[in-house]
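This report concerns only the one structure given below.
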Amino acid sequence: MNSINRFVLYVYFVFITICYTKLTDYLEDTNRTFNAIEGKVVTVKIDMEPKKYEEMYVAVQNSLEDYFVKYNGKLDNFETFEAKTNMTVIVDKKEKYFFEKVNFKVGGQFGRINAKLGYNIKLKKKDNLFGRRTLRLKADPFDYTHIRSKLTTDLMNKWEIPSIQESFARLYVNDEFFGLYFLEDAIKPSWILENYDYDSEEEVTTLYYCQTSGASLSPKGIEKCHNEKDNYLNYTQPLDDLVKKAQNYTTIRQLQKVFDVENLRKLMISEYLFGAYDNFLIAGHNYHFYQQKNGIWQVLVHD
């Protein structure tokens, strides 16, 4: 190898080292419970009964043809899968976290027609992984770079927009390798308890998930939003009251009395910059309305 090639190789490795250092350091000053695994790929192992494993394979065989023909274009009719499992999470091949009676469920909506599926994880009430009780393993098969989702989430964390965290994970189910996934926390009542001023035993009753396209801050639009707390599924009075007030407002100053306008502004700008079409601005779904204890509402993106 001549001196020029050696020099080029040296510069390349110096550049990679600098970039890697920056990538693993730029989130250190953020309030993230995932900072402990930043720059790492954790291993997630799910263990379930062989019979349940077979049931999962049968239940998730959904295709685009099934969506239109078998299920008449209705996502709610899709077969799904849910089971109690054990879970082991390994960090750096040495740190191990073991959990029993983990609720493991096939996640997503239209994404369930893909070959690579996403999964939702819910730990027992007293358990947590990196400060979180509800987690997601997101497949995101159309992010061919496997970095876009991570970068956008990190930037929202850096900009202090209330949002999820994200890292990487290798998933094994009954020792079968399922692939590389995005490991995320999930916006649920437990997430609100962990991120806002609540006592651990308090109930979160004003978190609404707008899952269906076309949801908006209008009387018809909020019909597509539901309360995230199972015991309060039909409790929509606070959201109804917000819409009634907002319909009569004519200035930003008025809206600021009940709504976190600054947070919404940041959220809308970030969606525009990221080209996000599947959230609040364009599709009008995959986001949450949340009323804080001080009465002020926020919009939180689901993913």
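Each reported figure results from applying straightforward, stated rules to the coordinates on display, with no laboratory input. In this text, all values refer to a predicted model and were calculated from it rather than measured experimentally. Please note: Cβ atoms are built from the backbone with ideal geometry, for glycine as well, and neighbour counts cover all protein chains shown.
Side notes on the structure shown:
- Calculated log₁₀ intensity ratio I(q)/I(0) where the Debye formula runs over C-alpha points of region 170-297, q = 0.09, 0.17, 0.23 Å⁻¹: -0.32, -1.01, -1.50
- Shown here for region 114-173: trypsin sites (Lys or Arg not before Pro) in loop regions (DSSP other than H, G, I, E, B) with at most 11 other Cβ atoms within 10 Å, namely Lys125, Lys126.
- Loop chymotrypsin sites (Phe, Trp or Tyr not before Pro), region 215-302 (other Cβ atoms within 10 Å of the site Cβ: 10 or fewer; DSSP): Tyr277
- Computed from phi, the 3J(HN,Hα) profile of region 173-188 under the Karplus parametrisation 6.51, -1.76, 1.60 (θ = phi - 60°) reads 10, 6, 6, 9, 6, 9, x, 8, 10, 8, 8, 10, 7, 10, 7, 9 Hz, with x in place of Gly and Pro.
- Gaussian network model of the chain, springs between alpha carbon atoms under 10 Å - residue of Ile46, Ile269, Ile121 with greatest fluctuation: Ile269
- Where labels lie 7 Å past Cα in the beta-carbon direction, separation of Lys257 and Lys51 in nm: 6.1 nm
- By the helix-only formula, in which each DSSP H run with n ≥ 4 contributes -39500 (n - 2.57) and the sum is divided by residues, the chain has a 222 nm mean residue ellipticity of -8000 deg cm²/dmol.
- Placing a pseudo-label 7 Å from each Cα along the Cα-to-Cβ vector at Glu203 and Lys93 gives an inter-label distance of 4.9 nm.
- Annotation: lysines with alpha-carbon distance below 24 angstrom to Lys93 (same-chain offsets under eight excluded): Lys22, Lys40, Lys45, Lys101, Lys122, Lys138, Lys150.
- Considering only Asp199, Asp92, Asp278, the Gaussian network model of the chain with Cα springs below 10 Å gives its largest mean-square fluctuation to Asp199.
- Beta-bridge orientation, the chain: approximately 85 percent antiparallel, per DSSP, counting only bridges with both partners inside.
- Residues considered: Ser200, Ser167, Ser213. Largest GNM mean-square fluctuation over the chain, using C-alpha springs under 10 Å, is found at Ser200.
- Partners for Lys188 among aspartates and glutamates (Cα-Cα distance below 16 Å; same-chain residues under 8 apart left out): Asp127, Glu166, Asp197, Asp199, Glu201, Glu202, Glu203, Glu228, Asp230, Asp303
- Where GluC sites (Glu not before Pro) in DSSP loops with at most 13 other Cβ within 10 Å are excluded, longest remaining stretch of the chain: 29-159
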